[in-house]
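The values are calculated or read from the model by the stated rules, or taken from the named source; none is laboratory data. Because the structure is predicted, anything quoted here is derived from the model rather than measured. Note that we place each Cβ from the backbone using ideal geometry, even for glycine, and neighbour counts take in every protein chain shown. Keep in mind that these areas ignore ligands, DNA and RNA; they rest on the heavy atoms of the full protein, side chains included. Shrake-Rupley method; radii C 1.70, N 1.55, O 1.52, S 1.80 Å.
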Amino acid sequence: MLFLAGGTALAIQFAKGYRPNLAQLALNGTGLLSVTSYPKNAQVFINDRLTTVTDDTLNLSPGEYQVKIIKTGFHPWIKTVSIKPELVSSTDARLFPSIPSLTPLTFYQVSSPLLSPDGSKLLYILTNSPFSQDNGVYVLSLANSIFPGNQISQIADLSTFDYTQAALVWSPDGSQILALIHDTAKIIASHLLNPRNLNQAKNLTDTTFRLPLLLNQWQDQQKSINLTNLARFPEFIQKVASESAVNVYFSPDREKILYTAIKDLEIPENLADKAVPSINPSPQNRKLEAGKTYVYDLKEDSNYLISEAKYDSKTAQPLIIDGTIATPPAKEPSQLTSLLTQINLLRGAYDPHTTQNLGWYTTNRHLIITNGEGVSLVEYDDSNPTSIIPTQVEQGLAVPSPDGTHLIILSNLNQQTNVANLISLDLK
């Protein structure tokens, strides 16, 4: 019985990572390093020594190690990992191709791109087609990963209404698109478009007179969505997101928040009662500085600073919580100005491309960056910046397919400088 009990105790210690040290006649604590990657079967270098391939788990003595994961045809993944006794550290590396294949989705001139609130569809306007009936408003489904682009639907043409002069916005549930056509001083027309079908001009009804009520209803819907998403987070983070931050965007799994602080604050330790021990070796930044951008991770109750070099704010959009505009104009705005302000607030609530050059990638662990150097991806803790393509991206548009296999950009590759089209990058 004593032998069985001793064997059981020894097995438990072995499972925790303890290993026998014959020289000291003792069990020394070790830690576990779980090395996983997509795609699999990548080489794993520990301190520049080829040690194993993904996916594998290694027992290592406590300390810091440089972990490098390499696969031919992909950018390498590198991080310094701290190993602690009885704890598991994880790499979970997503490798991106060094030379992604390109597929053009449009061929003339694309403008006014707008991602749907759920990230599954992209709205845009196509012009300069030699066939006038092909010019119009289109919706691209991003869900088809086999060949993105064969689910493009024209939902309106330009023969009756000039949608190139329209302010466009999705409804919070993605079931409708509001098109407010205007010039510099007045509203010309406004319609609700069905994003699934061709909207015949003869069947459209003008919604101008009920626009204030409609936009208020949509703001209330967006407020409800934001409150539901925020409810998962600690109360302190809820207050930061709603009162002390702008340009707030939830990761696709709603486990992380990207935000820019507008006040100097300090996030207390141990906010989340059920937070798991942090296995991310990157240093946190819990002291917030106004004007800087951060990512808060609910699962591990951790907060990371995003390098200022990666962040470029276009506008400062508050999170819609109370349904009001944060800074009303100094003088009484016109009806058109008020409506456009509401539309811009709604757009900024779900589409980061309207406010900044940072947005979430499908993995929930990466941010998409668009700047003068092209398109790149960086992990949410500001590590492993990876260049995807060095080309000018128009209007900061770089949106992922829901499964993460493709990235759609708006660029003028091999065209005139004033021409931009949608191009799909294969990231498999």
Review point. Does residue 310 fit the bill of being at pLDDT below 95 and open to solvent by 50 Å² or more (accessible area, probe 1.4 Å)?
Key: no
Check your understanding: Are any residues in region 371-401 of a type outside the set (Ser, Thr, Tyr), within 15 Å of the chain's Cα centre (by Cα), within 20 Å of residue 102 (Cβ to Cβ) and outside any helix (DSSP H, G or I), and if so, which ones?
Key -> 375, 377, 397, 398, 399, 400
Review point. Conditions: (1) touching a residue at least 60 places away in the same chain (Cβ under 8 Å); (2) assigned to a strand (DSSP E or B); (3) open to solvent by less than 30 Å² (accessible area, probe 1.4 Å); (4) within 16 Å of residue 410 (Cβ to Cβ). Residue 125 meets all but one. Number of the miss?
Key: (1)
Review point. Do we have residue 339 as modelled with pLDDT of 90 or more, in contact with a Ser or Thr (Cβ under 9 Å, 6 or more places away or on another chain) and in a helix (DSSP H, G or I) here?
Key: yes
Point to revise | Verdict on residue 156 being on the phi < 0 side of the Ramachandran plot and either among the charged types (D, E, K, R) or in contact with a helix residue (DSSP H, G or I) (Cβ under 9 Å, 6 or more places away or on another chain) (or both) | key: yes
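Across region 73-101, what is the total count of residues that are among the polar types (S, T, N, Q) and open to solvent by less than 30 Å² (accessible area, probe 1.4 Å)?
Residues of region 73-101 among the polar types (S, T, N, Q): 80, 82, 89-91, 98, 101.
Of the ones still in play, those that are also open to solvent by less than 30 Å² (accessible area, probe 1.4 Å) are 89, 91.
The qualifying residues number 2.
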Exercise for review: Please specify each residue of region 407-419 satisfying the condition of being closer than 18 Å to residue 353 by Cβ and open to solvent by 10 Å² or more (accessible area, probe 1.4 Å).
Suggested key: 412
**Study point:** Failed item in (1) modelled with pLDDT under 50; (2) open to solvent by less than 70 Å² (accessible area, probe 1.4 Å); (3) part of a strand (DSSP E or B), with residue 67 passing the rest
**Key:** (1)
Point to revise | Flag if residue 404 is of a type in the set (Gly, Ala, Ser), modelled with pLDDT of 90 or more and not in a loop (DSSP other than H, G, I, E, B) | key: no
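Can you tell which of 283, 268 is at pLDDT 90 or above and in a loop (DSSP other than H, G, I, E, B)?
Working: 283 fails: at pLDDT 90 or above.
So the residue among 283, 268 that is at pLDDT 90 or above and in a loop (DSSP other than H, G, I, E, B) is 268.
Being of a type in the set (Val, Ile, Thr) and modelled with pLDDT of 55 or more is the filter; apply it to region 7-52 and report the residue that is most open to solvent (accessible area, probe 1.4 Å).
Initially, region 7-52 is screened for residues of a type in the set (Val, Ile, Thr), giving 8, 12, 30, 35-36, 44, 46, 51-52.
Keeping just the survivors that are modelled with pLDDT of 55 or more gives 30, 35-36, 44, 46, 51-52.
Working: 30: 14, 35: 0, 36: 38, 44: 0, 46: 16, 51: 71, 52: 25 Å².
Checking each candidate, the answer is 51.
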